[in-house]
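Right, one structure below, let's go through it.
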Amino acid sequence: MLSCAPRTGTDAPGCPSRNDCRPWPRGGNSPARACPRGTGPGRSRGSGCPPTRRPDCSTRFAAIGTDPVPGTLLYLDTSAVLRATLESGTAPEIERRIRSARVLVSSRLSLVESCRVLIRLRALGVAREDRLADAERDIAALWSRCELWEITRRVCEMACDVAHGRVLRALDAVHLATFVLARRELEGLELVTVDERLLAAVAGHGDAGA
């Protein structure tokens, strides 16, 4: 199961790099499924990947292509990740953009949100375990490619003030604030979401518009 509260610190031995998602040797140990990495202001500096055993690592969202073309820097909110994994095949354009992206960015909030969704689905018994396990591996593969931005004081302050005049839930405001701050450092960063309220808020925010 995904770790809901990854510990911080230096990268654990054996933790795959952002674009490394090779199958693990048979009978060997591998890092935990959620293995995010990132550096820079507001970004995660450690993966906190406790060793655990698993048979393989999903390559469904391994990066493809290396040319610096438009759309290769993407911020993923949780709704986009869940649509591409739990509901695979329903949003082929989102899946294509994720696979072809050179840089993926998200908030550490996304780890918590995706973890709680999987826990809720298991508790409710509304999805087959094999399907959830596949989605869990795909989600972990995405996190291993992402630069995770922390929910810092600066993010929280912006989340309190962003998108005035729009109905935006608190957690969506955290995503929007993180995206706005990340875009200031990563020129051309685009938000990928299936949340209509968040899309509208981005469109109405001059600093965030793609």
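The values are calculated or read from the model by the stated rules, or taken from the named source; none is laboratory data. Predicted model, so just to flag it, every value in this text is computed and none were measured. Counting neighbours? That spans all protein chains shown, and the Cβs are built from the backbone with ideal geometry, glycine included.
The table for this structure:
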| read-out | value |
| --- | --- |
| Subset tally (residues that are assigned to a helix (DSSP H, G or I) and modelled with pLDDT of 95 or more) for segment 145-157 | 5 |
| Residues of segment 78-132 classified as under 15 Å from the mean Cα position of the chain (by Cα) and charged (D, E, K, R), total | 8 |
| Matching residues in segment 151-186 - criterion: being touching a residue at least 40 places away in the same chain (Cβ under 8 Å), surrounded by fewer than 19 Cβ atoms within 10 Å (Cβ to Cβ) and of a type in the set (D, E, K, R) | Arg154, Glu185 |
| Yes/no for Leu142 being buried (at least 24 other Cβ atoms within 10 Å of the Cβ), in a helix (DSSP H, G or I) and free of Cβ contacts under 8 Å to residues at least 40 places away in the same chain | no |
| Test for Ala201: is it under 21 Å from Leu74 (Cβ atoms), at pLDDT below 95 and buried (at least 22 other Cβ atoms within 10 Å of the Cβ) | yes |
| Segment 175-189: number of residues that are of a type outside the set (Lys, Arg) and in a helix (DSSP H, G or I) | 9 |
| Of residues in segment 190-207 being among the acidic types (Asp, Glu) and part of a loop (DSSP other than H, G, I, E, B), the one farthest from the chain's Cα centre (by Cα) | Asp207 |
| Lone qualifier among Ala127, Ala123 - being more than 20 Å from Thr193 (Cα to Cα) and without any contact (Cβ under 8 Å) to a residue 24 or more places away in the chain | Ala123 |
